[in-house]
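**Student:** I have a structure here, written as C-alpha cells, and I will follow up with some questions on it.
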Amino acid sequence: MTQAYSDTWLEWPFLDESHRALAKALNAWCMQSLGDIDESSVDQACRQLVADLGAAGWLRYCVPSGPDGAYGGALPELDSRSLCIVRETLAGHHALADFAFAMQGLGSGAISLAGTDAQKRAYLPAVARGEKIAAFALSEPNAGSDVAALSCAARLDGDDYILDGHKTWISNGGIADFYCVFARTEPEAGSRGISAFIVDANTPGLVIEEMIDVISPHPLALLRFDQCRVPQSQLLGQVNQGFKLAMQTLDVFRTSVAAAAVGFARKALSEGLVHAKGRQIFGGALADLQLTQAAFGDAATEIDQSALLTYRAAWVRDVQKRPPTAETAMAKMSATESAQGVIDRMQQMFGGLGVKRNHPLERLYRDIRALRIYEGATEVQKLIISRELLKEKKG
C-alpha cells in the first residue's frame, strides 16, 4: 500500500515487534502479488484469492496452531491485533482480498473457539492452507440484528439433527465448502435455545436458493435447509449455547471490520493527497486551497481516532484477556462511519473522475458502505455500548 503520509501508527504501544514485522511483510507481498484481480467472475476471484492467501501463509492467522501445530495456525491462539493488521493491510490494496481473508476467519471462528479436537483437525488446517472455504451462517430474513429471533430450526432425530429454515446475507454462500450454522433447538427459549452446527456444503437438504448481488460484489447467498440431516458429531460446543458462541465469534472478528474500514480510509487519503498535489486549479495546486487542507486535517485525525479505538479493542482482548464488547462496538462504529466520510471527502476532490466506474475512489465508495451494516449495524453498536455502560453502573 503506497503511503503518502507517516505510518508511525505501527509504533503505537498496542503493537509489538511481531505485529510490525507482519504488517511490513504482508504489505510487501501485496505489492508484489496483488495486481489486477480479474473480477469477471467474483466467485472464481475469491476462490483464487483464498488459494493464494493460503499458499503464502497469511490464512494461518485465521486459526490457532493447536497441539504440535495440528490446527495449522501461525499462533497458539487467535490474535486480534494480527487479524486487524492483516485486514487493514489487505483492505488498503483490494477489498476482495480483505473479504477472502476475513471470511476464512469468521467462517471458521466458531470451530476455533468451541470445536472439539476432532472438528478442529478436520477443518482448520484446510482453512489455513486455503483448501476449504468457510462461511458463517447466522442472519435470517427476519433475524439480522436481533439474533435471538432466528427461526431456522434443528431437531434431534436419533443420532442426527434435522435442520429446516433459511439463512440469508451469507458471505461465501455458494462457494463455501462448509458453513457454521446457528439454529434453534429450543423453540420457546429465546437466545438460550440456539445451537451451532458444522454443515458441509454437499449435505443433502442444503440448497443455495439465491445468489445476492450487492453494491460491492462478493459471493453472497440465501440458503435453504430442507430436512437437512446433520450428524450429532457436527454439533459445535454445547446444546443451546450457540447464541453465546455467536457473540464470542463476533467479538473476535468485529474488531477486524473496524481495521478494514481504517485500511479503506487510509487508501482514500493517500489517493487524495497524491491527486491534490498534482491537480492544477485556479493558478495553483488543489492542495494549496485552505478548504482542501482542512479536509485532509479532518481525515487524518478521524483515521487516527478510529485506528486507536480499533487497536485498543484488539489489545484489550489479546493482553487484558477480557471480552472487549464495548471497546469493539466503539471501534466498529467509529471506524466505519468515519471511513465513509473520509472516502466521500476524498472522492469530492476528484470531481467527475471520482465517480467514474472502477476509479479507486469510486470503488472505495462502494466497498465501505456494507461495513456500516454487517456484523452489527452502527445503530446496534450504539445499543451495545450503552448496555455495557448501564451494566457497569448497576455493578
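**Student:** Output the residue which, of all residues in the range 46-66 that are without any contact (Cβ under 8 Å) to a residue 60 or more places away in the chain and out of contact with any His (no Cβ under 9 Å at 6 or more places or on another chain), is nearest to LEU90 (Cα to Cα). Spell out how you get there, then give the answer.
**Tutor:** Filtering the range 46-66 down to residues without any contact (Cβ under 8 Å) to a residue 60 or more places away in the chain leaves 48-49, 56-58, 61, 65-66.
Filter once more, keeping what is out of contact with any His (no Cβ under 9 Å at 6 or more places or on another chain): 48, 56-58, 61, 65-66.
Working: GLN48: 15, ALA56: 13, GLY57: 14, TRP58: 11, TYR61: 13, SER65: 22, GLY66: 26 Å.
Checking each candidate, the answer is TRP58.
**Student:** Only one residue in ARG20, ARG60, ARG47, ARG81 is charged (D, E, K, R), outside any loop (DSSP other than H, G, I, E, B) and touching a Gly at 6+ places or on another chain (Cβ under 6 Å). Which one?
**Tutor:** Values: ARG20 fails: touching a Gly at 6+ places or on another chain (Cβ under 6 Å); ARG47 fails: touching a Gly at 6+ places or on another chain (Cβ under 6 Å); ARG81 fails: touching a Gly at 6+ places or on another chain (Cβ under 6 Å).
Criteria check complete, one pass: ARG60.
**Student:** Show me the strands (runs of 3 or more DSSP E) found entirely inside the range 90-195 where at least 2 residues are touching a residue at least 60 places away in the same chain (Cβ under 8 Å) and among the acidic types (Asp, Glu).
**Tutor:** Output list reads 160-171.
**Student:** State all residues of the range 144-175 that are surrounded by fewer than 17 Cβ atoms within 10 Å (Cβ to Cβ) and within 22 Å of the chain's Cα centre (by Cα); if no residue qualifies, say none.
**Tutor:** Within the range 144-175, SER145, ASP146, ALA148 meet the criteria.
**Student:** Quick one: which residue in ALA261, ALA295 is out of contact with any strand residue (DSSP E or B) (no Cβ under 8 Å at 6 or more places or on another chain) and crowded, with 24+ Cβ neighbours inside 10 Å? Explain how you work it out, then say what you get.
**Tutor:** Values: ALA295 fails: crowded, with 24+ Cβ neighbours inside 10 Å.
The conditions single out ALA261.
**Student:** Go through the range 319-344 and count every residue that is in a helix (DSSP H, G or I), surrounded by fewer than 19 Cβ atoms within 10 Å (Cβ to Cβ) and of a type outside the set (Val, Ile, Thr).
**Tutor:** Total meeting the criteria: 4.
**Student:** Does VAL214 qualify as being surrounded by fewer than 16 Cβ atoms within 10 Å (Cβ to Cβ), among the β-branched types (Val, Ile, Thr) and either modelled with pLDDT under 95 or touching a His at 6+ places or on another chain (Cβ under 7 Å) (or both)?
**Tutor:** Taking the combined requirement at face value, the residue satisfies it.
**Student:** Something else about it: Are any of the residues in the range 356-365 under 17 Å from GLY92 (Cβ atoms), aromatic (Phe, Trp, Tyr) and touching a helix residue (DSSP H, G or I) at 6+ places or on another chain (Cβ under 9 Å)?
**Tutor:** Within the range 356-365 (the criterion being under 17 Å from GLY92 (Cβ atoms), aromatic (Phe, Trp, Tyr) and touching a helix residue (DSSP H, G or I) at 6+ places or on another chain (Cβ under 9 Å)), the answer is yes, since at least one residue qualifies.
**Student:** Okay, moving on. Restricting to the range 236-272, count the residues that are touching a helix residue (DSSP H, G or I) at 6+ places or on another chain (Cβ under 7 Å), over 23 Å from SER171 (Cα atoms) and assigned to a helix (DSSP H, G or I).
**Tutor:** Total satisfying the criteria: 6.
**Student:** Follow-up question, since we're still on this one. Is it fair to say ASP298 is in contact (Cβ under 8 Å) with a residue 24 or more places away in the chain, farther than 23 Å from ARG254 by Cβ and in a helix (DSSP H, G or I)? Give the steps one after another, and end with the answer.
**Tutor:** Numbers: in contact (Cβ under 8 Å) with a residue 24 or more places away in the chain: yes; farther than 23 Å from ARG254 by Cβ: yes; in a helix (DSSP H, G or I): yes.
Yes, satisfied.
For every residue, the table says whether it meets (1) more than 25 Å from PRO323 (Cα to Cα); (2) touching a Gly at 6+ places or on another chain (Cβ under 9 Å).
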position	(1), (2)
ILE111	no, no
LYS120	no, yes
TYR123	yes, yes
ILE170	yes, no
PHE197	no, yes
GLY205	yes, no
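**Student:** Just to be sure, is VAL127 β-branched (Val, Ile, Thr), touching a Cys at 6+ places or on another chain (Cβ under 9 Å) and surrounded by 24 or more Cβ atoms within 10 Å (Cβ to Cβ)?
**Tutor:** Yes; evaluated as a whole, the condition is true for this residue.
**Student:** Can you go through ILE368, ILE373, ILE385 and tell me which one is surrounded by 15 or more Cβ atoms within 10 Å (Cβ to Cβ), more than 17 Å from the chain's Cα centre (by Cα) and among the aliphatic types (A, V, I, L, M)?
**Tutor:** On the way: ILE368 fails: more than 17 Å from the chain's Cα centre (by Cα); ILE373 fails: more than 17 Å from the chain's Cα centre (by Cα).
Result of the check over ILE368, ILE373, ILE385: ILE385.
**Student:** Among the residues of the range 348-358, are any of a type in the set (S, T, N, Q) and either buried (at least 20 other Cβ atoms within 10 Å of the Cβ) or over 21 Å from ARG266 (Cα atoms) (or both)?
**Tutor:** No; the residues of the range 348-358 include none that is of a type in the set (S, T, N, Q) and either buried (at least 20 other Cβ atoms within 10 Å of the Cβ) or over 21 Å from ARG266 (Cα atoms) (or both).
**Student:** Can you confirm whether ASN172 is on the phi > 0 side of the Ramachandran plot and polar (S, T, N, Q)? Talk me through it step by step, then tell me what you get.
**Tutor:** On the way: on the phi > 0 side of the Ramachandran plot: yes; polar (S, T, N, Q): yes.
Yes; evaluated as a whole, the condition is true for this residue.
The values are calculated or read from the model by the stated rules, or taken from the named source; none is laboratory data. This is a predicted model, so every value here is computed, not measured. Note: ideal-geometry Cβ built from the backbone for every residue, glycine included; neighbour counts use all protein chains shown.
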